[in-house]
Amino acid sequence: RAKGTGRNRVSVFDEQLRTVMMSRFAIEGRLRRALDDDGDVAAGLAVNYQPLVDLDTGVIIGFEALVRLADGESPVGPDLFIPIAEEAGIVDRIDLFVLGQALRQTALWAEAGHPLEIVSVNLSASTIMSPELLVELDGAAQALGSAELHLELTERMIIQGTPPVKERLGLLRTNARLGLDDFGTGNSGYAYLMDFPIDFIKLDRTFVGVMEEDAVARAIVSSMVDFAEGLGLGIIAEGVETIGQVDLLRSEGCRIGQGFYYGRPLSAKEFGEVLARQSTGLEAKAAKPASTA
Ligand code: C2E
Ligand code: MG
Ligand code: MG
Ligand code: MG
């Protein structure tokens, strides 16, 4: 009987492994097809834009660009497919696609009268070493206008953090501001800061999400804000979902945030509409005499 159970376990394990391997293989295929679609227009990928908001005023000052697999098949998020793209050696093509779209949209929105302050994209380790990235960044100034480009990195890069990576980060820093994503989690921590020059940190939503109920989370947020201030780093809160979190973050001294409270990641069209509504609202407010407020 015991023997039978053991054999069963093995076959269940094999089954699970096979399912995982097959879905990895299938997802890699979907990514390759999505990228290959049309030369430089990757028709199977889309970019979503999540508002970055000034917590004091509630005004949208920029966005974080987030990639989506939009090939009409079963939905799979970037948390799952980015690591697969990394292993398959194609993540740089995804990152460059996202960067290109983000820059293009930024220029279009500025032309429409909605200039932004922050344009943020995520980069994987191998993208950092991509020569095309340097070319893209050299040509980015015009599209950016007055906006600042933020490049979000994670600590996984330390592991591959050989001297050339460090050197390259220094080079990227001449055109963009470098930030540490998911700060405070296993992905990104303090040790990184001793080795790599960065300009801002993003507070992970693990802490922000529970800071109203959890005194430890709140203390962690508080100390991370102090820490950033002490080093002269910018700080951006992720995963802001409630007004209570907004109030706490402001009282801790965090001035920029993103999260479902302000807006989910939106299509380019939707984000443009939100910017247009915001401009109309701000103009109406400015036109109104202060005494009637
Ligand atoms: P991230 O950079 O930390 O991005 C934030 C994630 O949190 C996004 O998930 C976003 O949709 C989600 N989020 C935003 N606000 C809230 C909130 O209030 N509550 C909750 N529960 N979640 C919120 P998403 O879009 O699934 O992206 C997951 C991760 O995939 C990103 O985490 C980033 O590490 C990676 N990623 C996304 N796009 C790219 C890309 O173009 N290139 C690379 N290399 N990685 C990317
Ligand atoms: Mg990010
Ligand atoms: Mg993040
Ligand atoms: Mg995060």
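Kindly establish whether D56 is of a type in the set (D, E), closer than 30 Å to L248 by Cα and over 19 Å from the mean Cα position of the chain (by Cα). Judged against the criteria, D56 is a match. Of the listed requirements (1) under 28 Å from V240 (Cβ atoms); (2) at pLDDT below 95; (3) more than 14 Å from ligand 2 (Cβ to nearest atom); (4) not polar (S, T, N, Q), E213 misses just one: (2). You will find that of F207, F271, the residue that is in contact (Cβ under 8 Å) with a residue 40 or more places away in the chain, assigned to a helix (DSSP H, G or I) and closer than 23 Å to L66 by Cβ is F271 and no other.
Checking each residue in region 155-192 for being at pLDDT below 75, of a type outside the set (D, E) and either closer than 30 Å to G145 by Cα or within 14 Å of ligand 1 (Cβ to nearest atom) (or both) picks out R156, M157, Q160, G186, N187, S188.
Can A219 be described as at pLDDT 95 or above, out of contact with any Asp or Glu (no Cβ under 6 Å at 6 or more places or on another chain) and of a type in the set (A, V, I, L, M)? In short, yes.
List pairs: first residue in region 66-79 and closer than 18 Å to F97 by Cα, second residue in a loop (DSSP other than H, G, I, E, B) and of a type in the set (A, V, I, L, M) anywhere in the structure, Cβ distance under 6 angstrom, at least six positions apart or on different chains. Taking only residues 6 or more apart or on different chains, the pairs are L69/V76. Of all the residues in region 228-286, those that are away from ligand 1 (no atom under 16 Å from the Cβ) and touching an Asp or Glu at 6+ places or on another chain (Cβ under 8 Å) number 4.
Out of everything in region 132-154 that is at pLDDT 90 or above and within 16 Å of ligand 4 (Cβ to nearest atom), what residue ends up being farthest from I90 (Cα to Cα)?
Of everything passing the filter in region 132-154, H150 is farthest from I90 (Cα to Cα).
Applying the set (1) within 16 Å of ligand 2 (Cβ to nearest atom); (2) surrounded by fewer than 12 Cβ atoms within 10 Å (Cβ to Cβ); (3) in a helix (DSSP H, G or I) to G186 leaves exactly one unmet item: (3). Which condition number does G239 fail, the rest of (1) within 16 Å of ligand 4 (Cβ to nearest atom); (2) touching a Phe, Trp or Tyr at 6+ places or on another chain (Cβ under 9 Å); (3) at negative phi being met? Condition (3) is where G239 drops out.
Inside region 74-85, residues that are buried (at least 19 other Cβ atoms within 10 Å of the Cβ) and under 30 Å from Q142 (Cβ atoms) make up a count of 1. Filtering region 222-255 to residues that are assigned to a strand (DSSP E or B) and among the small types (G, A, S) leaves G234, A237. Just one residue in the set A143, A176, A88 is surrounded by 14 or more Cβ atoms within 10 Å (Cβ to Cβ) and touching a His at 6+ places or on another chain (Cβ under 8 Å); that residue is A176. When only residues in region 177-208 that are closer than 19 Å to G253 by Cβ and of a type in the set (G, A, S) count, which is nearest to ligand 3 (Cβ to nearest atom)? Going through the qualifying residues, I end up with G179. Could you check, for region 115-122, whether at least one of its residues is out of contact with any strand residue (DSSP E or B) (no Cβ under 6 Å at 6 or more places or on another chain) and either closer than 30 Å to S279 by Cβ or not in a loop (DSSP other than H, G, I, E, B) (or both)? Scanning region 115-122 turns up at least one residue that is out of contact with any strand residue (DSSP E or B) (no Cβ under 6 Å at 6 or more places or on another chain) and either closer than 30 Å to S279 by Cβ or not in a loop (DSSP other than H, G, I, E, B) (or both).
The values are calculated or read from the model by the stated rules, or taken from the named source; none is laboratory data. As the structure is a computational prediction, the values presented were derived from the model and not from experiment. Cβ atoms come from the backbone with ideal geometry, glycine included; neighbour counts cover every protein chain shown.
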